[in-house]
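J.: Following this message is one structure expressed as structure tokens.
Taken together, the values in this text are just the output of simple stated rules run on the coordinates, not laboratory data. Because the structure is predicted, anything quoted here is derived from the model rather than measured. Positions of Cβ are backbone-derived with ideal geometry, glycine not excepted, and every protein chain shown enters the neighbour counts.
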Amino acid sequence: MTASAHALELLKVAAAAADSKAGEDLVAIDVSNPLPLADIFLIVTGRSERNVVAIAGEIEDKLIEAGYKPLRREGRAEGRWVLVDFGDLVVHVFHEEERVYYSLERLWKDCPVIPIELSSARATDEAEAKISVEIDAAE
């Protein structure tokens with residue numbers, strides 16, 4: 001089983017939004033096989049609590065603009081690990097220290113990584129940012 005086209009579309013919007021707010025180390029993991037409730041985890045790093053909240057807020061705003069509503073969100077008040085659940089896509093925005101400590105990539109290492117190719121959304125207008133997302137067939 002692989003991530004649905006709907007989940008990949010959510011990922012494109014979320015990745016562009018994270019990149020526009022200086023999100024770093026974007027990693028998308030296809031968790032559709034072991035998890036029945038989600039297809040993709042998007043993991044993003046922010047440099048400070050304020051940056052973590054800004055990244056999560058931008059992702060949520062852009063997905064709402066695109067017609068997708070979050071099912072739940074947690075951690076916004078602390079700004080260390082914000083989780084926003086859009087059903088097929090679950091976004092984890094971590095402060096650097098929490099990302100290293102919780103190491104979700106290690107926990108889900110048996111799941112395929114979905115390559116995210118950003119064409120510098122920060123350097124161009126967001127509408128012109130081209131995001132290419134494909135499932136890595138090699139895994």
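J.: Quick check: is even one residue across the stretch 55-71 within 19 Å of Ile114 (Cβ to Cβ) and of a type in the set (Lys, Arg)?
T.: Yes: one or more hits.
J.: Within the stretch 46-99, count every residue that is within 11 Å of Ala14 (Cβ to Cβ), out of contact with any Pro (no Cβ under 9 Å at 6 or more places or on another chain) and of a type in the set (Phe, Trp, Tyr).
T.: Going through the stretch 46-99 one residue at a time, the tally reaches 1.
J.: Do we have any residue at all in the stretch 93-113 that's acidic (Asp, Glu), touching a residue at least 24 places away in the same chain (Cβ under 8 Å) and touching a helix residue (DSSP H, G or I) at 6+ places or on another chain (Cβ under 8 Å)?
T.: No, the stretch 93-113 contains no residue that is acidic (Asp, Glu), touching a residue at least 24 places away in the same chain (Cβ under 8 Å) and touching a helix residue (DSSP H, G or I) at 6+ places or on another chain (Cβ under 8 Å).
J.: Residue under question is Val52, and the condition is that it be free of Cβ contacts under 8 Å to residues at least 60 places away in the same chain and either surrounded by 15 or more Cβ atoms within 10 Å (Cβ to Cβ) or in contact with a strand residue (DSSP E or B) (Cβ under 6 Å, 6 or more places away or on another chain) (or both); does it hold?
T.: Numbers: free of Cβ contacts under 8 Å to residues at least 60 places away in the same chain: yes; either surrounded by 15 or more Cβ atoms within 10 Å (Cβ to Cβ) or in contact with a strand residue (DSSP E or B) (Cβ under 6 Å, 6 or more places away or on another chain) (or both): yes.
Yes; evaluated as a whole, the condition is true for this residue.
J.: In the stretch 19-47, which residue that is in contact with a Gly (Cβ under 9 Å, 6 or more places away or on another chain) and hydrophobic (A, V, I, L, M, F, W, C) is surrounded by the fewest Cβ atoms within 10 Å (Cβ to Cβ)? Break it down into steps so the answer makes sense when it comes.
T.: Going through the stretch 19-47, the residues in contact with a Gly (Cβ under 9 Å, 6 or more places away or on another chain) turn out to be 21-24, 37-39, 44-46.
From the residues that got through so far, the ones that are hydrophobic (A, V, I, L, M, F, W, C) too are 22, 37-38, 44.
Details: Ala22: 15, Leu37: 11, Ala38: 19, Val44: 27.
So the residue we want is Leu37.
J.: Follow-up. Taking Leu42, is it under 22 Å from Ala5 (Cα atoms), within 13 Å of the chain's Cα centre (by Cα) and in a strand (DSSP E or B)? Write out each step before concluding.
T.: Details: under 22 Å from Ala5 (Cα atoms): yes; within 13 Å of the chain's Cα centre (by Cα): yes; in a strand (DSSP E or B): yes.
It is true that Leu42 is under 22 Å from Ala5 (Cα atoms), within 13 Å of the chain's Cα centre (by Cα) and in a strand (DSSP E or B).
J.: Looking at Glu97, Glu60, Glu105, which is the one that is of a type in the set (Asp, Glu), surrounded by 19 or more Cβ atoms within 10 Å (Cβ to Cβ) and assigned to a helix (DSSP H, G or I)? Show your work before the answer.
T.: Numbers: Glu97 fails: surrounded by 19 or more Cβ atoms within 10 Å (Cβ to Cβ); Glu105 fails: surrounded by 19 or more Cβ atoms within 10 Å (Cβ to Cβ).
Step by step, each of Glu97, Glu60, Glu105 is checked, and only Glu60 is of a type in the set (Asp, Glu), surrounded by 19 or more Cβ atoms within 10 Å (Cβ to Cβ) and assigned to a helix (DSSP H, G or I).
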